[in-house]
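A.B. asks: Once you've had a glance at the structure underneath, I'll fire off some questions.
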Amino acid sequence: MGPVTRFDTAGRVLDRRTTDLGRALAELPDQASAESRTYPVPDGSFIVSIKRREASGRTRPRDYELVRHHPEEYVRLDKEYVAISFGTWGGRQHWAVPEEFGRASPISHYQLMADDYFFNTDLTSHIAVGGHPASVYISSGDRNEIQQFSLDGVLVRIIRRTTSPVPVTEQARRARAQNGIRFLSVFPEGEWRLPLIEATPKSETYPPVHGLLVDLEGHLWVREWSESETGLPDRWSVFNPEGRWLGFLDEPSPTGLPDLSHCHLCWIGTDSYVTVRIDEWGAERVEVYRILRDG
């Protein structure tokens, strides 16, 4: 919940907005913290993602069991710090790491996030804000639907695309594991995770949603998997402001480290989009790609 700086498309600073942190935390649920993720809204308000802590004393899941922990509540604070909730959504999926791996790793064997770069169980909620008028889009990650809300928390529409789940093939699993190994070679401290690649539970199909974004014209972009067998989300479905599906945009394969799960699309204009990517040296870099529209 730190300061927010706005830039124009040439990189010039437009303004910088600070947050009255004490007042914000006083209005939010008890489990909010200064480290909660925030999403700025064009009108000067912002949305806070609050992870719901669970009661202590929970029994340990069985080895290899997949569970969704820490559900997230999304709350908007307007410019007067009045809180408006958009409900609680499914948290990240974890799996119980077996004892044999837990003893060999620097983390507790209790659980490990299962939506990492080489895992096939990318389940978590997703949120995006934008459009004209501004709307809030939320997906639970495991259902083929995105719910669109007005800024005051009223459900406007549910957006779905009629399509079958994309299967996770053996070739895709191998490609994704190879990407994970290649990525870990950049960060030697992650080598302890290599034995987990083959041990992690395998999903039969990909989740329908891997990310959401709204462009300057109010189109909703939904990141998803194609049938290319890369093992990584590699295209975007585009919906118009009324929720009608318009088509796909394939992500380019970036130079350097071929790991699209670390190529984060973060802004979309009328003829280009901006990504933040981890390159072959493990450093973040900003890249701009041009959008070629049919006709």
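A.B. asks: Can you pull out the residues in the range 136-156 that are in contact with a Gly (Cβ under 8 Å, 6 or more places away or on another chain) and either loosely packed, with under 14 Cβ neighbours inside 10 Å or among the polar types (S, T, N, Q) (or both)?
C.D. replies: Once the filter is applied, which keeps residues that are in contact with a Gly (Cβ under 8 Å, 6 or more places away or on another chain) and either loosely packed, with under 14 Cβ neighbours inside 10 Å or among the polar types (S, T, N, Q) (or both), the range 136-156 yields Ser140, Gln148.
A.B. asks: Please state which of the following conditions His219 fails to meet, knowing it meets all the rest: (1) at pLDDT below 85; (2) touching a strand residue (DSSP E or B) at 6+ places or on another chain (Cβ under 6 Å).
C.D. replies: Of the numbered conditions (1) at pLDDT below 85; (2) touching a strand residue (DSSP E or B) at 6+ places or on another chain (Cβ under 6 Å), the odd one out for His219 is (1).
A.B. asks: Within the range 136-168, track down each residue that is of a type in the set (S, T, N, Q) and farther than 25 Å from Trp225 by Cβ.
C.D. replies: Ser150 - this is the single residue of the range 136-168 that is of a type in the set (S, T, N, Q) and farther than 25 Å from Trp225 by Cβ.
A.B. asks: Can you name the residue in the range 218-231 that is in a loop (DSSP other than H, G, I, E, B) and without any contact (Cβ under 8 Å) to a residue 60 or more places away in the chain and is also farthest from Cys266 (Cα to Cα) among such residues?
C.D. replies: Filtering first and then ranking leaves Ser228.
A.B. asks: Return a yes/no flag: does the range 20-30 have any residue that is modelled with pLDDT of 75 or more and assigned to a strand (DSSP E or B).
C.D. replies: There is no residue in the range 20-30 that is modelled with pLDDT of 75 or more and assigned to a strand (DSSP E or B).
A.B. asks: Continuing with the same structure: If you take the residues of the range 279-293 that are open to solvent by less than 70 Å² (accessible area, probe 1.4 Å) and in contact with a strand residue (DSSP E or B) (Cβ under 8 Å, 6 or more places away or on another chain), which of them is modelled with the lowest pLDDT?
C.D. replies: Asp279
A.B. asks: Moving to a separate point now. Can you tell me how many residues in the range 213-241 are open to solvent by less than 10 Å² (accessible area, probe 1.4 Å) and of a type in the set (Ser, Thr, Tyr)?
C.D. replies: Summing the residues that are open to solvent by less than 10 Å² (accessible area, probe 1.4 Å) and of a type in the set (Ser, Thr, Tyr) in the range 213-241 gives 1.
A.B. asks: Give just the number: which of (1) modelled with pLDDT of 85 or more; (2) touching a strand residue (DSSP E or B) at 6+ places or on another chain (Cβ under 7 Å) does Ser164 not satisfy?
C.D. replies: It is condition (2) that Ser164 fails.
A.B. asks: For residues that are open to solvent by 60 Å² or more (accessible area, probe 1.4 Å), closer than 21 Å to Gly130 by Cα, at pLDDT 75 or above and touching a Lys or Arg at 6+ places or on another chain (Cβ under 9 Å), tally how many sit in the range 245-269.
C.D. replies: 2
A.B. asks: Condition test on Gly11, is it exposed (fewer than 12 other Cβ atoms within 10 Å of the Cβ), among the small types (Gly, Ala, Ser) and either at pLDDT 85 or above or in a strand (DSSP E or B) (or both)?
C.D. replies: The answer is no for Gly11.
A.B. asks: Let me ask something else about it. Considering only the range 192-214, I want to know if a residue exists there that is farther than 30 Å from Glu65 by Cβ, part of a strand (DSSP E or B) and modelled with pLDDT of 80 or more.
C.D. replies: Yes: one or more hits.
The values are calculated or read from the model by the stated rules, or taken from the named source; none is laboratory data. A quick note: this is a predicted structure, and the numbers were derived from the prediction, not measured. Positions of Cβ are backbone-derived with ideal geometry, glycine not excepted, and every protein chain shown enters the neighbour counts. What goes into the accessible areas is simple: the full protein's heavy atoms, side chains included, and nothing from ligands, DNA or RNA. Shrake-Rupley method; radii C 1.70, N 1.55, O 1.52, S 1.80 Å.
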